[in-house]
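Shown next, in structure tokens, is the structure this report addresses.
The values are calculated or read from the model by the stated rules, or taken from the named source; none is laboratory data. Just so it is clear, the model here is predicted, and its values are computed rather than measured. Ideal geometry is used to build each Cβ from the backbone, glycine not excepted, and the neighbour counts take in all protein chains shown.
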Amino acid sequence: MEFFCYHRDRPGSLALREELLEEHWSYMDRYAKELIARGPTFADDGETPTGSVHIVDLPNPAAVRAFAFDEPNYQAGAYRDVLLRRWRNVLGRTMWEFPGGRAGGNRYLVLGFGEGPAADLAPPLDREEDLVAYGPLLSDDGDTWLGTAALLRASDPDTARAVLTGDRYAGIEVHDWEFGGRR
């Protein structure tokens, strides 16, 4: 079962995150085979972390809850909340298989929170070479569409936002994002 997990930072938690960096990476190393994508999000300055994205393939909801809530930064109080949703890997690959590689260009997390009939279930064909990860956010039972999450390369936040059909969502968030893992 695939899951989208977004830990949002608590304001003022940067020092704590820096202190726990090795502990966080060691924790994530335990899930290397299950990770589809990962990486931090940043404020508009491109430097201040605002959260951490993890897309994982785990056997069941209990396993993903343990993954999300046993994470060292969460346990220490660095995160203010966690968005945890079932997800479907529409591209069928991991971020490490992204043809565009780890570097080059601006990268974004785009979250569309939906209501009503499902939208954007298939990736936009004209943007496929820019998509790192893409898929619907789903209810716990996997039956109800709740939105769409995309990690992508784009020239700017507005171009990233345009990957989703804007009028089909109650809200769309765009966050600076980069490939995660040890540097």
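Below are the figures for this structure:
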| read-out | value |
| --- | --- |
| Helices (runs of 4 or more DSSP H) (entirely within the range 1-94) containing at least 1 residues that are touching a Ser or Thr at 6+ places or on another chain (Cβ under 9 Å) | 14-19, 21-29, 72-76 |
| V53 of a type in the set (V, I, T), within 17 Å of L138 (Cα to Cα), modelled with pLDDT of 95 or more and surrounded by fewer than 19 Cβ atoms within 10 Å (Cβ to Cβ) | no |
| Residue check, L84 over 14 Å from the mean Cα position of the chain (by Cα), in contact (Cβ under 8 Å) with a residue 40 or more places away in the chain and surrounded by 16 or more Cβ atoms within 10 Å (Cβ to Cβ) | no |
| Residue ID - farthest from I36 (Cα to Cα), chosen from residues in the range 131-143 that are modelled with pLDDT of 95 or more and of a type outside the set (G, A, S) | L138 |
| Verdict on N73 being polar (S, T, N, Q), touching a residue at least 60 places away in the same chain (Cβ under 8 Å) and in the same structural domain as A154 (by TED's automatic domain parsing) | no |
| Unmet criterion (only one of (1) farther than 23 Å from T159 by Cα; (2) in contact (Cβ under 8 Å) with a residue 60 or more places away in the chain) for N89 | (1) |
| Checking A160 against (1) crowded, with 21+ Cβ neighbours inside 10 Å; (2) assigned to a loop (DSSP other than H, G, I, E, B); (3) in contact with a Leu (Cβ under 7 Å, 6 or more places away or on another chain), the condition it does not meet | (2) |
| Tally, over the range 158-181, of residues that are farther than 16 Å from E47 by Cα and either acidic (D, E) or without any contact (Cβ under 8 Å) to a residue 60 or more places away in the chain (or both) | 15 |
| Options A37, A78; residue that is touching a helix residue (DSSP H, G or I) at 6+ places or on another chain (Cβ under 7 Å), among the small types (G, A, S), under 27 Å from G142 (Cα atoms) and surrounded by 14 or more Cβ atoms within 10 Å (Cβ to Cβ) | A37 |
| Evaluation of L146 against (1) in contact with a Gly (Cβ under 8 Å, 6 or more places away or on another chain); (2) not in a strand (DSSP E or B) (one fails), failing number | (2) |
| Boolean, R182 is charged (D, E, K, R) and either more than 29 Å from L20 (Cα to Cα) or not in a loop (DSSP other than H, G, I, E, B) (or both) | no |
